[in-house]
Amino acid sequence: MGRNSLKGQVKISGAKNSALAIMAGTLLCDDDCRLNNMPCLSDINTMGLVLASLGVKIKKMTSSWEFNSRNLKAEKAPYDLVSQLRASFFVIGPILTRLGVAQVPLPGGCAIGSRPVELHVRGLQAMGANVTIEHGVVNASVKGSSGRLKGANIFLDYPSVGATETIMMAATLADGVTVIENAAKEPEIVDLANFCNSMGAKISGAGTDSIVIKGVERLHSTDYEIIPDRIEAGTFLVAGAITHSEILVTSVNHDHLIPVIAKLSEIGCKVIQEDKNILRTIPGELRASDIETLPHPGFPTDMQAQFMALLTISEGNSLVTETVFENRLRHVAELKRMGANIKVKGNSAHVVGVPMLSGAPVMATDLRASAALVLAGLAADGKTIVQGLQHLDRGYQDLEQKLQGLGAKIQRLQDYQP
Ligand code: EPZ
């Protein structure tokens, strides 16, 4: 039920997109790796199943997981799992650099785009890998007798997060120095580099567009804390703005949210840093603003849908342009079912603010679209029923419980029949 203001505080969980890459990174070490602040999400469980299918011993505790990949097998990761989770393709770098051979199914496209992996493959080829793609499987092997990849200078045509992570992990055990130019600069890249360095890797420059990796012979065990999820935090900041509420968001890293906080303030909702890891929303009159998604530190594509929901009730005309993924405006049709005034042209959406949305049954099409529909429901008049929650559970831990903790009238309906 919408139109309730929120109050109180909400604690942010560990970052999905960091945890997924770092779980693949545990394959680099043949000793114990303990990861703390692990989020409880279906994507994390799927990655766990992928690693287990490759011979990794896994022990799960509440928000800590222990991994040991001493018996890592160069076997093919199961397609049925890889097809569910694109990030499982990130295991190709660690397996290849550890074992000299790897076979990983092509992940295929998803709801938001075709998601090719040629930048990952080209990076591995530059480091001396022989790569063929047959029957939907990427087969990679290290040329030569040493069985070790070789350091290389790699320029990425696009600062791809995944390709930067794959190449950076592969280079940690390579023979020689690798330089990645035009690298992705997302906080999750820095977290992965810090994780690898905590195992004895020699990575510098993560977070800049030039990363240098000096290969080492072997990595050792570690006990590592995953960073907070900046996209979950951003989603709750928008929940404060869209319901005109003053809330506290805790266990966040302010610096990871600078583009999001800047855009919220432009729209009319101030966000102040209450403490090192605490942010407070100060609500205000919502006004239109233009958004263009870009690689970090530009405006994150993973916040585009949530901000579009906010702009549907912000006074004036906004233009939202999605430049990172080719098919990430599917939430528009559902927001229009709630009375939003949006016209799509190519990869842009022209949003004209309306005074109020009205509650309606809507269908989530992907992870961030599902969050946007929940936010729209919080602000709408009447009841909104969001279906397709399997998308939401991939990336948000206990979203409805956390919102209930802030006073939202929200509940999950089991076995809902429209
Ligand atoms: C990561 O995906 C995140 N996923 C995505 O979050 C996020 O949207 C994206 O980075 C951008 O920030 C994980 O970390 C698990 P990319 P990734 O490689 O690595 C094209 C969410 O909602 N491209 O930077 O797949 C690609 O098709 C998810 O949590 C190539 O063309 O993103 C896309 O258009 C969704 N060739 C663009 O680059 C390649 O070889 C950005 O992709 C690789 C990518």
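From the phi of every residue in the range 275-291, what ³J(HN,Hα) in whole Hz does the Karplus formula 6.51 cos²θ - 1.76 cosθ + 1.60 yield, where θ is phi - 60° and glycine or proline is x?
Calculated HN-Hα couplings, in order: 7, 3, 10, 10, 10, 10, 8, 10, x, x, 4, 8, 10, 5, 7, 9, 10 Hz.
Long-range amide H contacts for F155: which residues qualify at under 5 Å (H placed 1.01 Å from N, peptide plane, sequence gap of 5 or more or a different chain)?
Those qualifying (amide H under 5 Å, at least 5 residues apart or on another chain) are E181.
Carbon and sulfur: what percent of the chain's accessible surface (1.4 Å probe)?
Working: 8280 of 16410 Å².
It is 50 percent, rounded to a whole number.
Taking Cα pairs under 8 Å and at least six residues apart, what relative contact order does the range 252-329 come out at, in percent?
Working: 113 pairs, mean separation 20.8, N = 78.
Dividing the mean separation by the residue count of the range 252-329 yields 27 percent.
Sequence gap at least 6, Cα distance under 8 Å: using those rules, report the relative contact order of the chain to the nearest whole percent.
Value for the chain: 17 percent.
Rounded to whole Å, give me the distance from the Cα center of the range 99-146 to that of the range 278-345.
35 Å
Go through 134-142, 156-164, 25-33 and give me the packing order, highest mean Cβ count within 10 Å leading.
25-33, 156-164, 134-142
Quick one: angle between helix 42-53 and the longest Cα principal axis of the chain, in degrees between 0 and 90, rounded to 10, please.
Computed tilt is about 10 degrees.
Kindly provide log₁₀ I(q)/I(0) values, in the same order as q = 0.08 Å⁻¹, from the Debye equation applied to equal alpha-carbon scatterers of the chain.
Reported log10 I(q)/I(0), two decimals: -0.43.
With runs of 4+ DSSP H residues as the only contributors, calculate the mean residue ellipticity of the chain at 222 nm using -39,500 (n - 2.57) per run, divided by the residue total and rounded to the nearest 500. Walk me through the intermediate numbers first.
On the way: 14 runs with 131 residues, N = 418.
It lands at -9000 deg cm²/dmol.
Go through the range 258-271 residue by residue and turn each phi into a ³J(HN,Hα) via Karplus (6.51, -1.76, 1.60, θ = phi - 60°); whole Hz please, and just put x for glycine and proline.
4, x, 6, 5, 5, 5, 4, 5, 4, 7, x, 10, 7, 10
Using alpha carbons only, how many degrees (0 to 90, rounded to 10) separate the axis of helix 230-242 from the longest principal axis of the chain?
Long axis of 230-242 versus the principal axis of the chain: about 0 degrees.
Hey, what do the phi angles of the range 58-75 turn into as Karplus ³J(HN,Hα) couplings, whole Hz, using 6.51/-1.76/1.60 and θ = phi - 60°, x for Gly and Pro?
The phi angles translate into 10, 10, 9, 10, 3, 10, 10, 10, 10, 10, 9, 10, 4, 9, 4, 10, 7, 8 Hz.
Select from the range 215-320 those GluC sites (Glu not before Pro) which occupy a DSSP coil region and have at most 11 other Cβ atoms within 10 Å, ordered by residue number.
E217, E285
List every residue whose amide H lies under 5 Å from the amide H of E274, counting only residues 5 or more places away in sequence or on a different chain, with H placed 1.01 Å from N in the peptide plane.
Under 5 Å from the amide H of E274 lie the amide H atoms of L279, R280, each far enough along the sequence or on another chain.
Could you tell me how far the Cα centroid of the range 1-18 sits from the Cα centroid of the range 199-218, in Å?
One Cα centre to the other: 34 Å.
Of the DSSP beta bridges with both residues in the chain, give the percent that are antiparallel, rounding to the nearest 5.
Of the beta bridges lying entirely in the chain, close to 70 percent run antiparallel.
How far, in degrees from 0 to 90, does helix 187-198 lean away from the longest principal axis of the Cα atoms of the chain, to the nearest 10?
Approximately 40 degrees, to the nearest 10.
Hey, which lysines would be in cross-link range of K143, C-alpha to C-alpha under 21 Å, not counting anything within fewer than 8 residues on its own chain?
K73, K76, K214
What share of the DSSP beta bridges in the range 132-249 is antiparallel, in percent to the nearest 5?
70 percent
Could you pull out the longest piece of the chain with no exposed loop trypsin sites (Lys or Arg not before Pro) in it, calling a site exposed if DSSP puts it outside H, G, I, E, B and it has at most 14 other Cβ atoms within 10 Å?
Counting only loop sites that pass the neighbour cut-off, the longest clear stretch is 277-382.
Under a 5 Å amide H to amide H cut-off, with H placed in plane at 1.01 Å, what residues pair with S210 once short-range neighbours are removed?
For S210, whose amide H was placed from the backbone, the distant partners under 5 Å are A183.
The values are calculated or read from the model by the stated rules, or taken from the named source; none is laboratory data. In this text, all values refer to a predicted model and were calculated from it rather than measured experimentally. Quick reminder, even Gly has a Cβ in these numbers, built from the backbone with ideal geometry, and neighbours come from all protein chains shown. Accessible surface areas use protein heavy atoms only, side chains included; no ligands, DNA or RNA. Shrake-Rupley method; radii C 1.70, N 1.55, O 1.52, S 1.80 Å.
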